[in-house]
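Notes follow once the structure below has been shown.
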Amino acid sequence: MFANWPLLSLLIWLPILGAIPLLLAGDRRPAAARTLALLITSVTFLLSLAMLSGFGASVAAAGTTDLGLLKNMHLQENLLWIEALNVRYHLGVDGISVALVLLTTFTSVLVVILGWGSVDNKVAQYMAAMLVLEGLMVGVFCALDALLFYVFFEGMLIPMFILIGVWGGARRVYATLKFFIYTFFGSIFMLIGLLYLYFKTGTFELAELAKVGLGAQEQAWLFFAFLIAFAVKVPMWPVHTWLPDAHVEAPTGGSVVLAAIMLKIGGYGFIRFSLPIVPDASMEYAWIVIAMSLIAVVYVGYVALVQEDMKKLIAYSSIAHMGFVTLGVFISLSLARSGNATGAAIGIQGAMVQMISHGFISGAMFASVGVLYDRMHTRMIRDYGGVVNTMPRFATLFVLFAMANCGLPGTSGFVGEFWVILAAFQHNPVVGALAAFTLIIGAAYTLWLVKRVIFGEVANENVAQLQDMDARETFVLVTLAIAVLLFGLWPQPLGNLMDAPIADLVKHIVISKGA
């Protein structure tokens, strides 16, 4: 039944259009604004489950027909948008897209619930910005026209700019401008690359761009254009410095969305653009990205060790963990180049699972910091100590998320990192050893945080007066805990969802190498 619905358009435009009545209502009815925002995000999440059902039905109906990379996308909607430029409103999903859309709609519901009690200034505008941001992020994961992708990709900057600039901390203007300048600067290079491809092919269709014949020099220039754009978004070392500032100044909901979803768009961009369109250059220069990723997971991990602000520590942790994503993606290229297609698939699979897992874990860590901040209005680690004595239920969940952040087996944090490390050892034992060593660094800064904040005697009178989680906070953190444990103990459904598109991508890379 769902396979014939315009589900992807509904997922994009329902939250965006739903923001309009919130803005029109203004600040007159904050309770109604919260309720309407929760209703819209909940309906959007249910529609994403319908999308999953329709996607499964569409895959079953299509069978195993091989139409080529990006040709066998499902639930497609294809309309002419700008006739003079042959730009199309073209949407579609594969298993990779479906997983990220579900992560987006799932997280958006929790973010609205988180903001229910913590945001009391300009509530309607805050909720409207969150809804617009949700719709644009879904659009990024569904777009099959490169210019449409770019519109969604850039459009996300506006609501996040507003969220940090209006509801952020004391240095919010500095953090907002830095965030905007870094990400917009990177995007310019992607736009130049897309325009070059358009003038060469006459189309922005990703499926057509993936099969165009490009010379070695052309591929090299396009590879670095995409690298700059998506490296800033991940973010990778050395263009990562905007992220800690943005996280520290952003409101809790903004930090959760930024860590759980927006960072994934950089990794998704590499998989959708760099690998299919410039596979030869991606293989040729993979060593650069592998080196940058290793620096990120090692150096940034050490930087996290000395942080005094909880948010900043978790922000650096996010950079290190996203380094595993880019490491897995580009190690797969080196493995494909050597003829190891199985290892290449493991690398990309590990990167994708790491993205989904990091969405749950980082979102939970930032949400947990928000719970503490709402009570004590400080994020400094030195102001805490002995929280377990006054907030035992919160402490239990916080320790679970910390263990997942360390990559503890049985949690989702272990699965993706294990696959990436496995692929890294097949690529080069030294690279594999360095990647594995980072688990020790991750455990060091995470457990150091837990020791100082959660355990020990009650540090001061403010901690002694803390109240444990309310029903709203409990629901959010318990829901994230279930997701962390579910995909840690049973990752097979997630792997099965993404097996086919990853196999198609590896096949495309290997064929391109042979050509």
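The values are calculated or read from the model by the stated rules, or taken from the named source; none is laboratory data. None of these values were measured; they are calculated from a predicted model. Glycine also receives a Cβ, built like all others from the backbone with ideal geometry; neighbour counts cover every protein chain displayed. Keep in mind that these areas ignore ligands, DNA and RNA; they rest on the heavy atoms of the full protein, side chains included. Shrake-Rupley method; radii C 1.70, N 1.55, O 1.52, S 1.80 Å.
The figures follow:
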read-out: Helical segments meeting 30 Å axial Cα length and Kyte-Doolittle -0.5 threshold in the chain (DSSP H); value: 30-62, 95-118, 172-201, 310-337, 341-376, 429-453, 492-514
read-out: Cα→Cβ-extended label distance, 7 Å offset, between LEU486 and LEU447, nm; value: 3.0 nm
read-out: Residues of the chain: accessible area per residue with a 1.4 Å probe, Å²; value: 36 Å²
read-out: Spacing of the two label points (7 Å from each Cα toward its C-beta) at SER42 and ARG28, in nm; value: 2.5 nm
read-out: Pairwise FRET efficiency - THR342 versus ARG171, Cβ, R0 = 56 Å, nearest 0.05; value: 0.70
read-out: Additional length obtainable on full extension of the chain from ALA291 to ASP374, 0.36 nm per residue less Cα span; value: 25.9 nm
read-out: Exposure ranking of TRP242, TRP81, TRP221 by accessible area [1.4 Å probe, largest first]; value: TRP221, TRP81, TRP242
read-out: Label-point separation in nm, ASP120 to VAL212, each point 7 Å along Cα→Cβ; value: 5.5 nm
read-out: Mean-position separation - Cα centroids, the range 133-195 and the range 364-431, in angstrom; value: 27 Å
read-out: Length released on extending from ASN428 to PHE455, taking residue separation times 0.36 nm less the Cα-Cα span; value: 5.7 nm
read-out: Hypothetical label at THR479: residues of the range 242-260 whose amide nitrogen lies under 17 Å (7 Å Cα-Cβ projection); value: 252-260
read-out: Percent accessible area from carbon and sulfur atoms, the chain, protein chains only, probe 1.4 Å; value: 68 percent
read-out: Estimated FRET transfer efficiency when R0 is 35 angstrom, pair ALA500-LYS200 (beta carbons, to 0.05); value: 0.75
read-out: Relative contact order (%) - criterion: Cα under 8 Å, at least six apart; region: the chain; value: 15 percent
read-out: ILE20-ARG472 FRET efficiency (beta carbon distance; Förster radius 35 Å; 0.05 resolution); value: 0.85
read-out: Extension reserve of the ILE181-GLU83 stretch, reckoned as 0.36 nm per residue once the Cα distance is removed; value: 32.1 nm
